[in-house]
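Asker: Quick one: the structure is below, questions incoming.
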Amino acid sequence: MSIRRFVLAVLFALGAGASLAQPFSGKPIRIIIPFTAGGTNDILARTLGPKLSEALGQPVIVDNRPGGNTVIASQALLASDKDGHTLLLPGNSHVVVPHLTKTPLPFDSIRDFQPVATLARTGLFLVVTPSLPAADLKEFIALAKAKPGALNSAAPGGSINQLATEMFNSLAGVKLVHIPYKGSAPAVADVMAGQAQLSFQTPATVLGNVKGGKLRALAISGETAFADPNVRTVPTFAQAGLPGFDVELWFGLLAPGGTPRAIVDRLNAEVNKIIQSSDFKERVAAQGLEVFVSTPEQYGAALRVESEKFGRIIKAANIEPQ
């Protein structure tokens, strides 16, 4: 190798290293959550935050911005500087919202956002208020058929949770009524209080209340039953008698579109390192979550696939935008 080529190779390597070590300023990193505190997004952010703070050497704060079918949080992100200091932690419902909203959104849910990294994924429990006379899924479906329109399903508006309600209606041949909330926590509180009868929620959101007997879990979406030594095994929907109900919820970090690639790569590398650590895996597994690792490109491709998939499902089920 000539001296000139050697020098160029060294400079390139140094440049790549500098890119990965892209410095952040001393101001805090803000993770915006589109829902109230207590939901899975919030739990993930508060699990990730201290470790990301340690990795980057600066504070990480969690900012809950519920309302507007997640639009308020998305707009807050897009109004921020494109410097990696403000991130959004949505679920894949980020690309479902446009399909469930009658009024056009003030942004494109894919084009205007920069995927950074995925974090985790999970199935959804169907939980009911303990006073409901249904000990299992078959009894619940029979009750719903006997009382069309009488059972209210509480869930964040414009979310996968809402879509789960509509998919359940279609597959089971029942009429559950979706009641929109600004987050999972208030929705779950109303189910426990009997103000609503059911909700589709992640284990991370409701497991403590299932263990405490304040909620009854009838089934979980996905291919694996949920087993925990402190609660009875929760079967899959297929095992419980409703095959085809396959709704998965996953979570990731988005930055404003146009955020420099060096910053995105630094964040992706740090986040992937954190979520693959044994400590992080154990903490999220205790919440019924599975770590989900990706590159920014893979995350972006997954968002496009989800948008197309749920768009087809919503159309086929004749779900009307609200």
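Asker: Within region 29-36, can one find any residue that is at pLDDT 95 or above, of a type in the set (Lys, Arg) and assigned to a strand (DSSP E or B)?
Answerer: The answer is yes, given that some residue of region 29-36 is at pLDDT 95 or above, of a type in the set (Lys, Arg) and assigned to a strand (DSSP E or B).
Asker: Residue 280 versus (1) within 24 Å of residue 97 (Cβ to Cβ); (2) assigned by TED's automatic domain parsing to the domain that holds residue 80; (3) aromatic (Phe, Trp, Tyr): which is the lone unmet condition?
Answerer: For residue 280, the failing item is (1).
Asker: When region 82-107 is examined, which residues are found to be within 16 Å of residue 257 (Cα to Cα) and touching a residue at least 60 places away in the same chain (Cβ under 8 Å)?
Answerer: 82, 83, 84, 85, 86, 87, 88, 89, 90, 94, 95
Asker: Now a separate question. Got a number for residues in region 145-162 being over 18 Å from the mean Cα position of the chain (by Cα) and buried (at least 23 other Cβ atoms within 10 Å of the Cβ)?
Answerer: Result for region 145-162: 1.
Asker: On the basis of being at pLDDT below 95 and farther than 12 Å from residue 69 by Cα, does residue 169 make the cut?
Answerer: yes
Asker: A follow-up question, please. Take the residues of region 227-260 that are part of a helix (DSSP H, G or I) and in contact with a helix residue (DSSP H, G or I) (Cβ under 8 Å, 6 or more places away or on another chain): which is surrounded by the most Cβ atoms within 10 Å (Cβ to Cβ)?
Answerer: Once the filter is applied, the top-ranked residue is 237.
Asker: Okay, moving on. Quick check: anything in region 255-277 among the polar types (S, T, N, Q) and at pLDDT below 95?
Answerer: no
Asker: For region 261-279, enumerate the residues that are over 11 Å from residue 84 (Cβ atoms) and crowded, with 19+ Cβ neighbours inside 10 Å.
Answerer: 271, 274, 275
Asker: Any chance you could count how many residues in region 193-221 are surrounded by 19 or more Cβ atoms within 10 Å (Cβ to Cβ) and not polar (S, T, N, Q)?
Answerer: Counting residues in region 193-221 that are surrounded by 19 or more Cβ atoms within 10 Å (Cβ to Cβ) and not polar (S, T, N, Q) gives 14.
Asker: Tally up the residues in region 260-305 that are more than 15 Å from the chain's Cα centre (by Cα) and aromatic (Phe, Trp, Tyr), please.
Answerer: The qualifying residues number 1.
Asker: Let me ask you something else. Only residues in region 163-183 that are buried (at least 23 other Cβ atoms within 10 Å of the Cβ) count as the first member; pair them with residues that are part of a loop (DSSP other than H, G, I, E, B) and among the hydroxyl-bearing types (Ser, Thr, Tyr), Cβ under 7 angstrom, at least 6 apart or cross-chain, and list the lot.
Answerer: What qualifies is 183/36.
Asker: Tell me the residue from 289, 242, 207, 253 that is in contact with a Phe, Trp or Tyr (Cβ under 9 Å, 6 or more places away or on another chain) and over 29 Å from residue 74 (Cβ atoms), please.
Answerer: Answer to the selection: 242.
Asker: With 150, 187 as the choices, which residue is assigned to a loop (DSSP other than H, G, I, E, B) and modelled with pLDDT of 95 or more?
Answerer: 150
Asker: Is it the case, given these coordinates, that residue 99 is at pLDDT below 95, surrounded by 16 or more Cβ atoms within 10 Å (Cβ to Cβ) and not polar (S, T, N, Q)?
Answerer: Yes, satisfied.
Asker: When you look at residue 74, is it surrounded by 12 or more Cβ atoms within 10 Å (Cβ to Cβ), more than 16 Å from residue 271 (Cα to Cα), at pLDDT 95 or above and of a type in the set (Gly, Ala, Ser), yes or no?
Answerer: yes
The values are calculated or read from the model by the stated rules, or taken from the named source; none is laboratory data. Values in this document were obtained by computation on a predicted structure and should not be read as measured data. Here the Cβ is made from the backbone with ideal geometry for all residues, glycine too, and neighbour counts use every protein chain on show.
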